[in-house]
1. Explain nothing, just compute: Karplus ³J(HN,Hα) = 6.51 cos²θ - 1.76 cosθ + 1.60, θ = phi - 60°, for every residue of segment 689-695 in order, whole Hz, x for Gly and Pro.
2. So which GluC sites (Glu not before Pro) in segment 54-140 end up in coil per DSSP with only 15 or fewer other C-beta atoms within 10 Å?
3. Take the Cβ-Cβ distance between L209 and A166 as r, set R0 to 56 Å, and report the resulting FRET efficiency rounded to the nearest 0.05.
4. Rounded to the nearest 10 Å², what accessible area does V208 show when all protein chains are kept and the probe is 1.4 Å?
5. Quick one: net charge of D542's neighbours, Cβ under 11 Å, K/R +1, D/E -1?
6. Per residue, how many Å² of accessible area does the chain show with a 1.4 Å probe?
7. Cβ under 9 Å from V170's Cβ, V170 left aside: what net charge do those residues give with Lys, Arg +1 and Asp, Glu -1?
8. Once you place label points 7 Å from the Cα toward the Cβ at E139 and R671, how far apart are they in nm?
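The values are calculated or read from the model by the stated rules, or taken from the named source; none is laboratory data. Here the structure is a predicted model, which is why all the values come from computation and not from measurement. Positions of Cβ are generated from backbone atoms using ideal geometry, with glycine treated the same way; all protein chains shown enter the neighbour counts. In case anyone asks, the SASA skips ligands and DNA or RNA and just uses the protein heavy atoms, side chains included. Shrake-Rupley method; radii C 1.70, N 1.55, O 1.52, S 1.80 Å.
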Amino acid sequence: MKSIPAFASLLFACLSPAVACAQQPPPPAQTPVAEEQDFLATGAKELNAYATLAFKNGYPRRAREVWLEVIAEYAPDDPVAREQLGYVRQGSVWQKKSGFEYPTQDVLNATVAKMLEQRWDSVAKKLGDGHRTLAGQLETAGKKERAQYHFQRALRFAPGDAKAIAGAGVKQAEGISGSDAELTLLKRSRMMDRSITRLLGAKYKVDVLGADQKQAVLDKAKVTYSGVKSENFTVWGDWETDVLKEAAANAERALAFGKDAYDGFEGFPPANAIVKQMAFFKSRDTFRTIVAANKDTIGEGATAFILENANATQIGGVHVTGAEQVENVNDLAVRWVAQEYSGVRSDALREGIGHTVVGMFFGRNLTFTVGQQEQKGTATRREQQKLQLPDIDTWRELAVELAFQKDGTKAARLPLLKAASFPNDARIKSWSFCDYLLRRDPMLLKALDRTAAKSRNDGDVEAEFATITKLTLAEVEDGWRRFWTEDTPLRRAIVNKASPMEAASKEAPNWLDEFNRARKALGGEEVGWSSSFSTDCKMHVDYLKANKDQRGPVAEHTQVAGKTGFTNAGKTFAETALVWTRDKDQKKAMATWLSLPGFRDGLLNRQIDTVGIYADAGIVCIDVQRGRMPSDRATVLPFPLGTEGNRYKGSVPSALDVELLGPDAVAVLERAGKGKQKQIGFPLTLHGFGANTGEVQVDVSAGNESIKGELLRPGGKSRRTSAPGMWVFWPHDPLPKGKDITVRWTYQGGNYTVVFNAS
């Protein structure tokens, strides 16, 4: 039986270790010599001053990055950086303060952001010149290893410096300097990006199977299901046919991506590795029924474990899962193929390569094969929350912190880890290291996985890896660390992101103020702003500014390959963002947003306390996905929301224009045989913020008259009409005006009754 995925409802532990000891002693060649001490002290002083300036001016995230660099590269025991990051010294050890919360919100001020960028340019020039000069002195003194280090550090601050390029022994391609391995990272990253762009836009022929087509594993459980078949995959389940078809298409895309990503490398995919049948069911209860019915195939002990701990497993040549959201269906359709194509068997690397490819496809990870240990130590709830966020940009932040720390899970430990004992930081290390190896050389990933068969400890892994690859694992890991921590043109070309300091806009404060007023009017709390969360917002606004033909509920929530500013990450991000191009009046916009189910969700959401916003030329984009605050209490809210007893004190529009809402509303009317209607009844919603609502039911009536419509579960690609955990009831016709309309919601663990009027 293969590894057993369990979805993101598992409790995660934090990334940061409870105790941050002094740095592990580096190998002799990496130990600073006497000639370096004065400059390293100067570098720490300059960076500390800049970080303090950024912090005092309302940009703590930027300050944190710089303080981490101080500790990693200049002064591991620097008291300023250590204390600002929440550590207190006890003897020779820096201990994390219990409950310490580092600020996560920035001050939205474009003028200050520009000042900090200019100041950074000045600091970078001084450090770049200093590293290059010191490197020359060390080279003359015959201390080549340390000279090489400082030439590389010079390129971190002055990437185009000709003397540093020559001294570091790197090459240039397309105006970007780097070693052979680094330029390979760039070449392969661009190749894989092009592959995903092409594949996500490709159409695949998927046929619906007849009722006489059966699957033995599912028949044993006597569950209801249907099936579809693409060229290589058969997909079964109780999801709607369109969902099953898209799952089959995504499995085909993952297979085609594997052929592109591993082309020219021997042994991919392993023979008979790809499981060609998948089964997706809406309920975990249905999944349990299937598992129990196939106990004779699975084995009694394994069956008991799966029933208690898992949402998915493999039975008799078919992957089976209880995936309660459409996003989980597509995540797993890609993940299973990606894991099997890679051929890796060790738990951590299998987990990591699955996260890598799914992240490249969708920009988020929703499924976890390896559960994490129960939280212990001094980490805060917000630190824990980061790992619960499926967003890849959040994981990038964690990977950067991990790479700076240098004292977490080592690469040599990854092939030895078991799912039952997975260290707190291993999930991010496994993902970020597999991501790096896939971009650099898939054979290194294969070699690292092979070491597990002959290794009992980290030393065995390192020795076996060197035997297979003729490289030391330490130098590969150093490449991983530099890739994640150094803000270079090479990395920016691969990640293809605006910098956080560029993401402060002069128009954004007015939008943030009005967004907060609307939230407070609905009984919620004000939210703060994050420059980091705003980078994707800026890039999507720039895309829309450059492509004035991309307007409306469909075009604004995607990006089209080939158009100026397109990125795969931008396409995924646009599906989840609040995007508005219709007018510059913020108050008028908020009134309209309350009518759009997905935008309404952002205004109501009780679990976000930080957003990203970028606004320019009358276009605004808001990220309401990543800034979730830790909460022990799940919240379920309906809209209209009963604010006086069970009555909504205001009124809602009787109907909305279909043109404003987009394809989800059009599809509802077409299924009801009303495809020519220009309006649809005001959409009613139930929002689960951190809550599993289970199967939801709704009854809507005006007096004794039932109001007909369609209830849609969470899912969809346009933020105007969909959001995670949100159910939408679409009345087929305009709601009756001047009458009491009663909505009765029933969900797992509760119910709501709300009375309101339409006008």
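1. 9, x, 10, 8, 7, x, 7
2. E101
3. That pair, L209 with A166, gives E of 0.30.
4. Rounded to the nearest 10, the figure is 90 Å².
5. -1
6. That works out to 41 Å² per residue.
7. That sum, taken over residues with Cβ under 9 Å, equals -1.
8. If labels sit at E139 and R671, their model points lie 6.7 nm apart.
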